[in-house]
1. Hey, can you tell me all the residues within the stretch 249-307 that are polar (S, T, N, Q), over 25 Å from the mean Cα position of the chain (by Cα), modelled with pLDDT of 95 or more and in a helix (DSSP H, G or I)?
2. Pairs please, first residue from the stretch 111-138 and within 11 Å of the ligand (Cβ to nearest atom) and open to solvent by 60 Å² or more (accessible area, probe 1.4 Å), second anywhere and polar (S, T, N, Q) and outside any strand (DSSP E or B), Cβ atoms under 9 Å, 6+ apart in sequence or on different chains.
3. Does the stretch 65-77 contain at least one residue that is loosely packed, with under 15 Cβ neighbours inside 10 Å and within 15 Å of the ligand (Cβ to nearest atom)?
4. Which is outside any loop (DSSP other than H, G, I, E, B), in contact with a helix residue (DSSP H, G or I) (Cβ under 8 Å, 6 or more places away or on another chain), open to solvent by less than 10 Å² (accessible area, probe 1.4 Å) and modelled with pLDDT under 90, of Leu158, Leu167, Leu179, Leu221?
Amino acid sequence: MRLPPEFLYGSVLLTISILLAAAEDLPVTTVVGALPEVEFSNLSQRDPNPLGEKALAINPEQWKHGETEHFIYHFVHSYVVTPISIEAEFHYRAVAKELEREQPPGDTKAHIYIFERPEDWQQFQAFGNLERWTGGIQSQGSLFIQRNPAYKFSSNVLGHEIAHLVLHRFYADGVPCWLNEGFAQYVSKGAQASYQRARGYIAKPRSQAIAARDLIPLPTLVAMTHPPSDRVEIFYDESERLVRFLVLTDKPSFLALLDALGQHQPFETALLRIYAGKFSSVAMFEEKFREYASKDFGTSTQQANRE
Ligand SMILES: [Zn+2]
């Protein structure tokens, strides 16, 4: 019998969770199957991002290093990085599958810096823009996060950040903010649900409906260059719904739209060209999208989803 890969990863994670739980009160420095440590000078690639240098200059003696197929890690304790490295590769596969793309072997790896001490993290935050949604910092394809050893895989935070890293690999010039955040939410919710299913839980991807009166008008949403500080939650939920709606309407068209927006074409013209025959005008598209985005709002299904 051949098991699906998510089942295998789920099992590995579960095993590691058990090991971690058992090891919590012990001064354990190695966990079975831990990410191997690599000398900095032997890492296969360097990070050209100046923020990486700044991170490693904070208590420089604490940093250890390691790598997997698509990521290079800078970390303090192997029992913290090991589950993260497994989860990161899991999410990489989920995102690449969704994008129907793969990096060629030997391509650039993204760097992930994992801080543990709150005071180190506070010091580092002065250098970058914290993403309020996840508490991480993304910069030029590198990710900086703080993790404490009690981290329990309870949310889609890492999946969300990994989605940004993978999008950056394929669209180095950037994609619009709604698309970057909406895709990260969309793909990480799906991946998180498949994790939970692999561990025996009944889980469906969670997507939040939004009250029609609260929706940000489409032209405003697609023009935003960063999440609006007074409507952060609506921005993420609505962007996720917009991506979901575009994917459900026609997946190949969504991928073509992503390419067009990655080349900085205007949303309205690219949409009407690529989804020709589906929507005759942007106004018609917006009407259908608003209907979809607010569907089920306030119903019992929605309440169950919020738990
Ligand atoms: Zn994000």
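1. Thr269
2. As it stands, the answer is Arg132/Ser229; Trp133/Gln185, since those pairs meet every condition given.
3. No, there is no match, as no residue in the stretch 65-77 is loosely packed, with under 15 Cβ neighbours inside 10 Å and within 15 Å of the ligand (Cβ to nearest atom).
4. Within the list Leu158, Leu167, Leu179, Leu221, the selection yields Leu158.
The values are calculated or read from the model by the stated rules, or taken from the named source; none is laboratory data. Just so we're clear, the structure is a prediction, and the values are computed from it rather than from any experiment. Virtual Cβ from ideal backbone geometry, glycine too; neighbours counted across all protein chains shown. To get the accessible areas, we keep the full protein, side chains included, count just its heavy atoms, and leave off ligands, DNA and RNA. Shrake-Rupley method; radii C 1.70, N 1.55, O 1.52, S 1.80 Å.
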